[in-house]
Amino acid sequence: MSGTPTTELDAEPESADAEAEHESPLETARRQLEAASEEIDIDPNVVERLRHPEKVTQVTVPIERDDGTVEVFTGYRAQHDSVRGPYKGGLRYHPDVSAEECVGLAMWMTWKCAVVNLPFGGGKGGIVVNPKELSADEKERLTRRFAQELRDVVGENKDIPAPDMGTDAQTMSWFMDAYSMQTGETCPGVVTGKPPVIGGSYGREESPGRSVAIIAREAIDYYGKDLEEATIAVQGFGSVGANAARLLDEWGARVVAVSDVNGALYNPAGLVTHDIPSHLEQAEAVTSQGEDVISNEELLELDVDVLIPAAIGNVLTADNAHDVRADIIVEGANGPTTTAADEIFAERGIPVVPDILANAGGVTVSYFEWLQDINRQEWTLEEVREELSEKMLTAWDEVRDVVEEKDITWRRAAYVVALTRIADSHDARGLWP
């Protein structure tokens, strides 16, 4: 996507029955908002407010390249809703970053924080750049200048960025240091996803995958299956997919397929997931392990108990939804299922546990990191894992109760839980002035 003017941000989304193979996050977020609002008694004025971001900041980020030339990049920070607390969400460095994308992803973060009952609203931002074309020094200069340009709109009580595509713990370290230098005091709570040595939390990197595994385990049990007999296929063996697969493997499930961009390893008898390098350990090495290799498309259509799409968005579409043979889908990636595919799965009776519940472990442990920073504390890894498990199980129970009470899909139930909390907060605070 390219940069998007305000008029396009306010445009109506496509009709729900139209297939969008590359459905934008904003279209999806607005559709899901409308669907959830149909299930509860909510003031339509609140719904109208939630269709729009509170603020979108666009900044110019000039840096000196290593060859002495100056290049100018464009950065964004979208802040969707702050009724429950400071904005929270990632910063991504990617050529396709746009205002529209940031708004849609910020809306998703609002729902995600609310469904696990965190005192945050949604934010998202990034720079239009290919980070692979930057040296380490150039990336540092870019990050520090970006922190300066966003100084007035971020802060530990305003908006707390985190890593996303193209950024990492080192990026957050640079951002925090630049912000701290400008404010004149060390402010570890301005970002999360930092190394523990400067206020980061243990367990942050593994947390999205860990929450996916916890929710997958609960879904397996809910639908009357035995975890030790369950078969699992995981598309994507990065941070989310690898941590989810390895944890489920440790718990006794049979992980029969995992993949990276080049294809998938498949063994019906089960894979030894700890012997397979994750993307972080050795990029694109999954298919070099000597097992039977299939395509990513074939992985999505395996006859398994649980399918975990944990790679990229829009991989389950109208074109392949009828060919999916998994009994349960647990979303590890953000937005892996298009609206049309979601409707097909509902018609076929295949439950889809949505991303805003399943992979919410990342923002949950970011919340723990923020708490540790503002209170100048440090939790052990065991404490983080215990608190994460408690949060995820509580959220699972609350969404499950809505599924059973209203006889609706898991996705719609998750949005009902989130929207109810957000709407109640808006009702309590009112509209100023």
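The values are calculated or read from the model by the stated rules, or taken from the named source; none is laboratory data. What you see is a predicted model; the values in this text were computed from it and never measured. All Cβ positions, glycine included, derive from the backbone under ideal geometry; neighbour counts span all protein chains shown. These area figures cover heavy atoms from the full protein model, side chains too; ligands, DNA and RNA do not enter into them. Shrake-Rupley method; radii C 1.70, N 1.55, O 1.52, S 1.80 Å.
So what are the radius of gyration and Dmax for the Cα set of the stretch 127-215, in Å?
Values for the stretch 127-215 (Cα only, Rg and Dmax): 13.7, 42 Å.
As a test of the formula, what do you get for the chain when each DSSP H run with n ≥ 4 contributes -39,500 (n - 2.57) and the sum is divided by the residue count, at 222 nm and rounded to the nearest 500 deg cm²/dmol?
Working: 14 runs with 178 residues, N = 433.
Here the helix-only value at 222 nm equals -13000 deg cm²/dmol.
Which Cα, out of Asn267, Pro277, Val255, lies furthest along the positive dipole direction of the stretch 236-298 (beta carbon charges, K/R +1, D/E -1)?
Looking along the dipole axis, the top candidate is Val255.
Based on the mean of other Cβ atoms within 10 Å per residue, sort peptides 347-354, 412-419 so the most packed one is first.
Values: 347-354: 17.6, 412-419: 25.8.
Top to bottom by mean Cβ count within 10 Å: 412-419, 347-354.
Can you tell which of Val70, Val315, Val97 shows the greatest fluctuation in a Gaussian network model of the chain with Cα springs below 10 Å?
Per the Cα network of the chain with a 10 Å cutoff, Val70 tops the list.
Taking the Cβ of Ser239 as the center, what net charge do the other residues with Cβ under 12 Å away carry, scoring Lys and Arg +1 and Asp and Glu -1?
Values: positive: Arg204, Arg210, Arg246; negative: Asp164, Asp168, Glu205, Glu206, Glu281.
Cβ neighbours under 12 Å give a net charge of -2.
Pull up the DSSP beta bridges for the chain and report the antiparallel fraction as a percent, rounded to 5. Intermediate results must be reported in sequence, preceding the final value.
On the way: 23 of 47 bridges.
About 50 percent, rounded to the nearest 5.
Using the per-residue mean of other Cβ atoms lying within 10 Å as a proxy for protection, in what order, highest first, do the peptides 380-386, 370-376 fall? List each step's numbers first, then the result.
Working: 380-386: 14.4, 370-376: 17.1.
In descending order of packing, they fall as 370-376, 380-386.
With a 10 Å cut-off between alpha carbons and a GNM built on the chain, which of Ser98, Ser239, Ser288 moves the most?
Answer for the Gaussian network model of the chain: Ser288.
Any idea how far the Cα center of the stretch 163-235 sits from the one of the stretch 104-128, in Å?
14
Taking 8 Å as the Cα distance limit and 6 or more residues as the minimum spacing, I'd like the relative contact order of the chain as a percentage.
Working: 931 pairs, mean separation 71.9, N = 433.
Averaging sequence separation for qualifying contacts and normalising by length gives 17 percent for the chain.
Restricting attention to the stretch 165-243, which GluC sites (Glu not before Pro) occupy a DSSP loop and are surrounded by at most 13 other Cβ atoms within 10 Å? Can you show the working numbers first?
Values: sites: Glu185, Glu205, Glu206, Glu218, Glu228, Glu229; in loops: Glu185, Glu205, Glu206.
Passing both the DSSP loop test and the Cβ count: Glu185.
Expressed as a rounded percentage, what relative contact order does the stretch 139-181 have, with Cα pairs under 8 Å and six or more residues apart? Numbers along the way, then the final one.
Working: 25 pairs, mean separation 24.4, N = 43.
Computed over the stretch 139-181, the figure is 57 percent.
Do you know the relative contact order of the stretch 259-315, to the nearest whole percent, from alpha carbon pairs under 8 angstrom that are 6+ apart?
Relative contact order here is 40 percent.
Over the stretch 210-276, one equal point on each Cα, no solvent: what is log10 I(q)/I(0) by the Debye formula at q = 0.18, 0.24, 0.26 Å⁻¹?
Each listed q corresponds, in turn, to -0.58, -1.01, -1.16.
Mind checking the per residue accessible area of the chain for me, 1.4 Å probe, whole number of Å²? Before the final figure, lay out the partial values.
Working: 17790 Å² over 433 residues.
Per-residue value: 41 Å².
So what's the projected area for the stretch 297-389, the Cα convex hull averaged over all directions, in nm²?
Details: hull surface 27.9 nm².
Average projection, Cα convex hull of the stretch 297-389: 7.0 nm².
Diagonalise the Cα gyration tensor of the stretch 216-363 and give the resulting equivalent ellipsoid semi-axes, square root of 5 times each eigenvalue, largest first, whole Å. Walk me through the intermediate numbers first.
Details: eigenvalues 92, 56, 44 Å².
Those come to 21, 17, 15 Å.
Among Pro86, Pro62, Pro163, which one moves the most in a GNM of the chain with springs linking Cα atoms closer than 10 Å?
Of Pro86, Pro62, Pro163, the most mobile in the Gaussian network model is Pro62.
Express the carbon and sulfur contribution to the solvent-accessible surface of the chain as a percent, rounded to the nearest whole number, probe 1.4 angstrom.
Accessible surface attributable to carbon and sulfur in the chain totals 45 percent.
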